[in-house]
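Below is one structure, written out as structure tokens; comments come after it.
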Amino acid sequence: MRRSALTLASILTLAGCSHAPAPAPVPPAAAFHPAAVNAARLAAAAADGANWMTYGRTYDEQRFSPLRQIDVDNVAHLKLAWHYDLPVAARAQESTPLVIDGVMYVTGAFSKVFALDARTGTLKWSYDPQVAMSTDINTCCDAVNRGVAAWNGKLYLGTLDGRLIALDAATGRPVWEVRTTPSGSRYTITGAPRVVKAKVIIGNAGGEMGVRGYVSAYDAETGELAWRFYTVPGAPGKPDGAASDAVLERLARPTWSGKWWTVGGGGTVWDSMAYDPKLDLLYIGTDNGGPWDRKFRSPRGGDNLFITSIIALKPDSGAYVWHFQTTPGDMWDYSAVQTLTLADLTIDGTLRHVIMQAPKNGFFYVLDRETGQLLSVHQYADTVNWAKGIDPKTGRPIVNRAADYSDSGKPASSNAPGPLGAHNWEPMAFSPATGYVYIPVSEMTFPYVPAKRLVWHELSWNIGLDLNAGSLPQNPVIVAAALKGLKGHLAAWDPVAQKEVWRVELGHPWNGGVLATAGNLVFEGNAMGELNAYRADSGARLWSAMTYTGILAPPVTYLADGKQYVAVEVGWGGAFGLAAGALALDSQIDRGNVPRVLGYALDGTDQLPPPPPPPERKLEPRPEIAPARVIARGKATYHQFCGTCHGDGAVAGGVLPDLRYSAAAGNAVLWSSIVHDGALQSAGMVAFGSELSAAEIESVRAYIVDRIDESAAFERTKRTRN
Ligand code: CA
């Protein structure tokens, strides 16, 4: 062929065809395919620092980037390159942005999605799944979303109201949508899906509401359900027809007693997963038992499998392979949904393929990820008093009797950790360069006061605790002293030696997720609104930027046009932010809480606008004085139904309205129209008339009025003393 072509050319030339040859047709520019993620790209992701294609960057969820343009020598020059103001509710923003071929896909409160130019933060498209704000009543810990998954040109979004939606990554338009939780139920979705072997894996949340945990896999192209795995058994004699049926009968059912299926059982899969392509194992973490007080779900005790566990499944079928339960019979909300990190470590001279977790219960676990065998475990938090330790042979905790409020019926009054955990969802990172895991640690105690009986609620938590008896005392001086005990730090943890290598004390709990890079850097945002960079080997702080908004989300890094950026979403809230944030964090930064995505680069020239001025507000004491028994009833009702959102002791955490400053507090008719009838339902404040009588609702107002008077009197004494 070649010869004849040459011959033809020669002939044409010789024949005197002297016209200039027609220009070779310009091939059309290679079409840009957004979110072109496939198995090969994910398998090679560890070396591909330009992109961040799945929640934990790579299937092993290490949150480690090989990029080193920004390193210990130049990070001091890092500057804001762009910012994008997210048009979302000023709530916790917990998203890990994906960055694929120069486009960033990030989510915000109430499950909204934004595609941004990763160089400039310019909006390309946005998608709003129209989640009703009243869905918030079903969340324990704010209306958050942690991000999307990407595969073959599509993005996958789990919505707060329980849907899984595939979006066209080019336009943001929905391609398919399925409901993945029973409609009318109290399940929510806050976690990011993962895509494994063309299946979208999605769990759900609701461990405080009374649900039964499960994880589902859907065909990425069609949305067809491939398999489902329930983490706790259902009603006897009623198999689910799910991948979990056999193992639940064999291993889990014998560990339960009573009628747990009528109260859910718990074990939700609301956050972490990981995948090992070589072993072809998918790992999931499960939440607490529900209700928290075990006697209300399994009165004769038992481990209650598979709550608070790490479970390995086959991703094609959902078939069970192994499990490891961190907190058998859990009664403290000790979720094992925290970051599941895969790494290869040399332990006792042998290369081990491990899975690591720092669950809420305060102990750091290293398991063989092929078998689930416990290799080592060590306490990573300072204050752990629920257990004396973990038996290294069996992996079982040696529980302190004082912590077992369920069997004793006596409060575990300063139990540590509390339900927010020594480590919560804020992701940890692992650097193969230093060999350290970087953990955002919180130190908080909690009073577990058992309720006398379980009263089922559709509009509040169903955990079996007396939240009123466990609420903060109303003396602001005592409260201030108690809150001083709340601490947080960033720990560098050596998982081989099982010991802390360095730490940075942050002074406050509830700080952000972590990013580690090959530039010997660790990035973490914190509750005070700082984004910091530390030396990964020593913890020395090398750079800090003030964002004016509390940071929970983990930073990411990527290349755009060959230049390295570090980006983070800011936005304060979550369980701690709602319930006690303002109490614990005083006013060292302006609590503007402006949801944003921020991009930093070495040559950045952007500047944040100044934070908004703090709201003008004044306590207005009321002449109304209700009888003490009405106020007491109002206080109890408030802490059962209102406190987890509007703040312990009616002091809001700085996210949702502080009712002491509400005009409705002084107006019984307005109060009733909102609380009983739902006048603000569309803004997320549901009607409580279906569960609370008019008298109960009015008693809550009496309690708020009492708190206004108390707070105003305290302000006056402070002024007099000063
Ligand atoms: Ca929980």
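The values are calculated or read from the model by the stated rules, or taken from the named source; none is laboratory data. This structure is a prediction, so every number in the text was calculated from the model and none was measured. Backbone-built Cβ (ideal geometry, glycine too); neighbour counts: all protein chains shown.
Quick rundown of the values:
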read-out: Any hit, the range 151-159, residues being within 16 Å of the ligand (Cβ to nearest atom), within 23 Å of L680 (Cα to Cα) and crowded, with 23+ Cβ neighbours inside 10 Å; value: no
read-out: Scan of the range 251-261 for residues that are part of a helix (DSSP H, G or I) and either in contact with a Cys (Cβ under 8 Å, 6 or more places away or on another chain) or farther than 14 Å from D303 by Cβ (or both), ordered by number; value: W261
read-out: Whichever residue in the range 656-680 is surrounded by fewer than 15 Cβ atoms within 10 Å (Cβ to Cβ) and part of a helix (DSSP H, G or I) and, among such residues, is modelled with the highest pLDDT; value: V669
read-out: Residues satisfying the stated conditions in the range 330-353, i.e. within 16 Å of the ligand (Cβ to nearest atom) and on the phi < 0 side of the Ramachandran plot; value: D330, M331, W332, Y334, S335, A336, V337, Q338, T339
read-out: Residues within the range 56-75 that are within 20 Å of V106 (Cα to Cα) and touching a Gly at 6+ places or on another chain (Cβ under 6 Å), tallied; value: 2
read-out: Checklist (1) buried (at least 23 other Cβ atoms within 10 Å of the Cβ); (2) assigned to a strand (DSSP E or B); (3) not acidic (D, E) applied to V321, failing item; value: (1)
read-out: Residue match in the range 61-70 (condition: assigned to a loop (DSSP other than H, G, I, E, B), surrounded by 14 or more Cβ atoms within 10 Å (Cβ to Cβ), touching a helix residue (DSSP H, G or I) at 6+ places or on another chain (Cβ under 7 Å) and at pLDDT 95 or above); value: yes
read-out: Residue list for the range 521-556, filter: closer than 17 Å to H423 by Cα, touching a residue at least 60 places away in the same chain (Cβ under 8 Å) and outside any loop (DSSP other than H, G, I, E, B); value: E524
read-out: Among residues of the range 404-418, those that are surrounded by fewer than 19 Cβ atoms within 10 Å (Cβ to Cβ) and outside any loop (DSSP other than H, G, I, E, B), counted; value: 4
read-out: Sole residue being surrounded by 24 or more Cβ atoms within 10 Å (Cβ to Cβ), within 16 Å of the ligand (Cβ to nearest atom) and more than 19 Å from W425 (Cβ to Cβ), chosen from G265, G289; value: G265
read-out: Test: residue in the range 423-445 that is in the same structural domain as A336 (by TED's automatic domain parsing), without any contact (Cβ under 8 Å) to a residue 40 or more places away in the chain and farther than 25 Å from A205 by Cβ; value: no
read-out: Some residue of the range 276-285 being of a type outside the set (D, E), more than 13 Å from the ligand (Cβ to nearest atom), in a loop (DSSP other than H, G, I, E, B) and surrounded by 22 or more Cβ atoms within 10 Å (Cβ to Cβ); value: no
read-out: Candidate set from the range 213-229 (those that are surrounded by 24 or more Cβ atoms within 10 Å (Cβ to Cβ) and under 30 Å from W332 (Cβ atoms)); member that is nearest to the ligand (Cβ to nearest atom); value: G213
read-out: Residue satisfying condition, being at pLDDT 95 or above and closer than 27 Å to G488 by Cα, within set G409, G362; value: G362
read-out: Qualifying positions in the range 298-316 - more than 21 Å from the chain's Cα centre (by Cα) and free of Cβ contacts under 8 Å to residues at least 60 places away in the same chain; value: S298, P299, R300, G302, D303, K314
read-out: Criterion (under 16 Å from the mean Cα position of the chain (by Cα) and either surrounded by fewer than 23 Cβ atoms within 10 Å (Cβ to Cβ) or among the hydroxyl-bearing types (S, T, Y) (or both)) met by exactly one of D128, D117, D136; value: D136
